[in-house]
Amino acid sequence: MLGSIRRTIAVLRERQILQKIGIVISITIIATACYILYHSLQDLDFDDLMEALRDTDRRAIALAALCVAAAYFTLTFYDLFALRTIGHGEVPYRIAALAGFSSYSIGHNVGASVFTGGAVRYRIYSAWGLSAIDVAKLCFVAGLTFWLGNAAVLGIGVLYHPEAAASVDQLPPVVNRIIAVVILLVLVGYVVWVWLKPRRVGRGTWTVTLPGGPLTLLQIAIGIIDLGFCALAMFILLPDEPHVGFVVVAVIFVSATLLGFASHSPGGLGVFDAAMLIGLWQFDKEELLAGMLLFRVLYYLVPFVLAVTLLTLREVIVGARNKRVQEALAALDETTKQRPTILRDQGDGGI
């Protein structure tokens, strides 16, 4: 059966059917989000929005910033874990942290994170001897960690509170609960599958050995912690009234994040916001938007500026170092060229 699935996927890729389906899905999600935002924000009071931003508790903003920092710290372990998985454990944590933080910060904002994040990673890791294929494998393992974590959070959250997902997807709670059970069964089945014996995906030099059972559980834990801190930051920035439980916010947040990711829009712009507005309809619109804007500043804008600054400094330092090395090699080469002449002159003087 697995062979049949692989052959079907190969045929779909060959005919670019999967790519066309992906484009249709992205356009549909973005168009739906634009329609929702247009009707939701028609009566938006800009003055009330600015007042809600000014009235936000500074301590809440600081606490949300700490949660965002913790989430990005957890993100760095996506790369560290992936490096160990593909057999490049010699790369130190500080490099994995720089690559992970920079690639996700820039990828989140620019969009098409698979390509932008991969380009950033290659720029950093190539200095440590990783090839383009190695970076592609690393991105695959890091992406697998992300999706495993999302599946776990979404499955557990929707199973516990299916009404939260119903506010986003408009499906009956019983249907959402069934979907959650299916997600969790697939997740458990995957863990059992990789636990029984080593599993490999890909062909030739593109082959990746998947993490075993215990390491897969570690992957899931990393993903859950990352998403948990992100959802907690959003939860802290929400208005105090009416009270909505953290699990409800987490389910809606993850659903909105996945929809934004599927749309391929930069930072899920528009799509994430529309899903949050629908899912958290019980909040005052201006106060909810204020919290979402602050979250975007903390989770998207600030890390993006930091990442660009760090990469710029790295390029300046590496460029200066390479220039010194080239000058030293040029000086050594000049000395080498002059040495035979000096020796010959000394020999002539002795005759």
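Points to keep in mind about this one:
- Any hit, segment 193-206, residues being within 29 Å of ILE30 (Cβ to Cβ), open to solvent by 50 Å² or more (accessible area, probe 1.4 Å), free of Cβ contacts under 8 Å to residues at least 24 places away in the same chain and of a type in the set (A, V, I, L, M, F, W, C): no
- The numbered conditions (1) surrounded by fewer than 20 Cβ atoms within 10 Å (Cβ to Cβ); (2) within 18 Å of VAL68 (Cβ to Cβ); (3) modelled with pLDDT of 85 or more are all true for MET276 except (1).
- Near pairs, Cβ below 6 angstrom, 6+ apart or cross-chain, from segment 306-328 (open to solvent by 80 Å² or more (accessible area, probe 1.4 Å)) to any residue that is in a helix (DSSP H, G or I) and among the aliphatic types (A, V, I, L, M): none
- Helices (runs of 4 or more DSSP H) fully within segment 132-218 counting 2 or more residues that are of a type in the set (S, T, N, Q), within 25 Å of ILE252 (Cβ to Cβ) and within 24 Å of the chain's Cα centre (by Cα): 132-160
- Qualifying residue in segment 230-249 (condition: without any contact (Cβ under 8 Å) to a residue 12 or more places away in the chain, more than 30 Å from GLN282 (Cα to Cα) and surrounded by fewer than 17 Cβ atoms within 10 Å (Cβ to Cβ)): no
Residues checked against (1) open to solvent by 10 Å² or more (accessible area, probe 1.4 Å); (2) of a type outside the set (A, V, I, L, M); (3) part of a helix (DSSP H, G or I):
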site	(1), (2), (3)
LEU63	yes, no, yes
ALA69	yes, no, yes
THR74	yes, yes, yes
GLY87	yes, yes, no
ARG94	yes, yes, yes
ALA99	no, no, yes
SER103	no, yes, yes
ARG121	yes, yes, yes
ALA127	yes, no, yes
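- Inspection of segment 217-227 finds a residue satisfying the criterion of being closer than 18 Å to LYS137 by Cβ, β-branched (Val, Ile, Thr) and open to solvent by less than 70 Å² (accessible area, probe 1.4 Å).
- Residue count, segment 76-85 (criterion: open to solvent by less than 40 Å² (accessible area, probe 1.4 Å) and within 26 Å of GLY260 (Cα to Cα)): 6
- Only residues that are assigned to a helix (DSSP H, G or I) and open to solvent by 90 Å² or more (accessible area, probe 1.4 Å) were counted in segment 27-50, giving 6.
- Taking segment 129-145 as the range and being surrounded by fewer than 19 Cβ atoms within 10 Å (Cβ to Cβ) and in contact with a Phe, Trp or Tyr (Cβ under 7 Å, 6 or more places away or on another chain) as the test, the residues that pass are ALA132, ILE133.
The values are calculated or read from the model by the stated rules, or taken from the named source; none is laboratory data. Note that the structure is predicted; figures quoted are calculated from it, not measured. Here the Cβ is made from the backbone with ideal geometry for all residues, glycine too, and neighbour counts use every protein chain on show. Note: areas computed on protein heavy atoms with side chains; ligands, DNA, RNA excluded. Shrake-Rupley method; radii C 1.70, N 1.55, O 1.52, S 1.80 Å.
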